[in-house]
Amino acid sequence: MGRSYNGAMELHLPRLGSDPASPFPPVERALADPDGLLAFGGDLSPARFLNAYRSGIFPWYSEGEPILWWSPARRAVLRSDGVHLPRRLRRQLRHSGWTVRADTDFVGVVRGCMAPRHGQRGTWITTGMFAAYRELHRLGHAHSVEVYAGETLVGGLIGLAFGQMFCGDSMFSAQSGGSSLALAALASRLHDWGWPLIDAQVPNAHTERLGVEVWPRERYLAALSRQRDLPGTPGQWTERFGSWSAAQILTATPPHAT
């Protein structure tokens, strides 16, 4: 969750056909360098998007490039009972007065995730990805978790849910700690629902500090196959998720030593 890819490359890859239901190549054929690059082309229709995520594959490309599809050998996974919030951050959040809700400003969170970040050129959430996320949200598959200071959006995350699996795509902080609180709230709520895992896709230092583990692709795919076909609840999460104060989230999230 939180990708950083700026690759310009010329590689020989399988090209996806025009039928959104056509299968992806076996993930074992993904490249080792760059890690996980599997195929290109196709489209971002809901059917293809969901087929990809259910297969452990996700799109990741820059504006002006063809759609690139990935399934990395090293997968970032967060257990829903495994979030670590460092003590200093916990102290900050405890006195923040922030609240967390879901699916009340999906577009606002996507726009926050699209904003330029330090050390990165542009964003991987292209105009095509933006449109695809909005359609998946309309259909009840894509969700946002929002962190508010009063009525001001200060952080959040987006991702896809199917069966009893949540695949996180991106998160942002307009104020320090916003994305961490969103992730802690999501994990706590999913744990309450009996959903054990969050796919965080690509490891990075920030999410690893929050408890993300790095799994081999085979282990992740085995867990995904168990969760993806369990009974889920498509549709908006606003009511089911509820509204949480930062203090309530911290109570539900065990402290971490650092």
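Which whole number in µm²/s is D for the range 15-72 by Stokes-Einstein, with the Kirkwood Rh taken over Cα pairs at 4 °C and 1.567 mPa s? Could the numbers behind the result be given before it?
Working: Rh = 11.3 Å.
My calculation gives 115 µm²/s for D.
Could you pull out the trypsin sites (Lys or Arg not before Pro) across the range 94-202 that fall in loop regions by DSSP (anything but H, G, I, E, B) with no more than 15 other Cβ atoms inside 10 Å?
Taking the range 94-202 and a limit of 15 other Cβ atoms within 10 Å, the loop trypsin sites (Lys or Arg not before Pro) found are R117, R121.
Please arrange H191, H137 by counting, for each residue, the other beta carbons lying within 10 Å of its beta carbon, fewest first. Don't skip to the answer; put the middle values down first.
On the way: H191 17, H137 20.
Placing the least packed residue first, the sequence is H191, H137.
Could you give the radius of gyration (one decimal) and Dmax (whole number) of the Cα atoms in the range 76-252, in Å?
Every Cα atom of the range 76-252 included, Rg and Dmax give 15.2, 43 Å.
Through the Karplus equation 6.51 cos²θ - 1.76 cosθ + 1.60, θ set to phi - 60°, convert the phi angles of the range 146-158 into ³J(HN,Hα) values in whole Hz; use x for Gly and Pro.
10, 10, 10, 9, x, 10, 9, 6, 10, x, x, 8, 10
Once you have the Cα-Cα distance between A174 and E213, take 0.36 nm times their residue separation minus that, and quote the gain in nm to one decimal. It would help to have the intermediate numbers written out before the result.
Numbers: separation 39, 0.36 × 39 = 14.04 nm, distance 2.54 nm.
Extra length available between A174 and E213 comes to 11.5 nm.
Distance from the Cα centre of the range 128-142 to that of the range 44-93, in angstrom?
So the separation of the two Cα centres works out to 15 Å.
Mean separation of Cα pairs under 8 Å and 6+ residues apart, divided by the residue count of the range 130-222: what relative contact order is that in percent? All intermediate terms of the calculation are to be shown ahead of the outcome.
Values: 114 pairs, mean separation 18.4, N = 93.
It comes to 20 percent, rounded to a whole number.
Any idea what log10 I(q)/I(0) is at q = 0.21, 0.23, 0.26 Å⁻¹ for the range 63-141, Debye with uniform C-alpha scatterers and no solvent?
Treating every Cα as an identical point scatterer, log10 I(q)/I(0) equals -1.28, -1.25, -1.21.
Coordinate-derived values only; no laboratory data. Predicted, not measured: the structure shown is a model, and the values here were computed from it. Ideal geometry is used to build each Cβ from the backbone, glycine not excepted, and the neighbour counts take in all protein chains shown.
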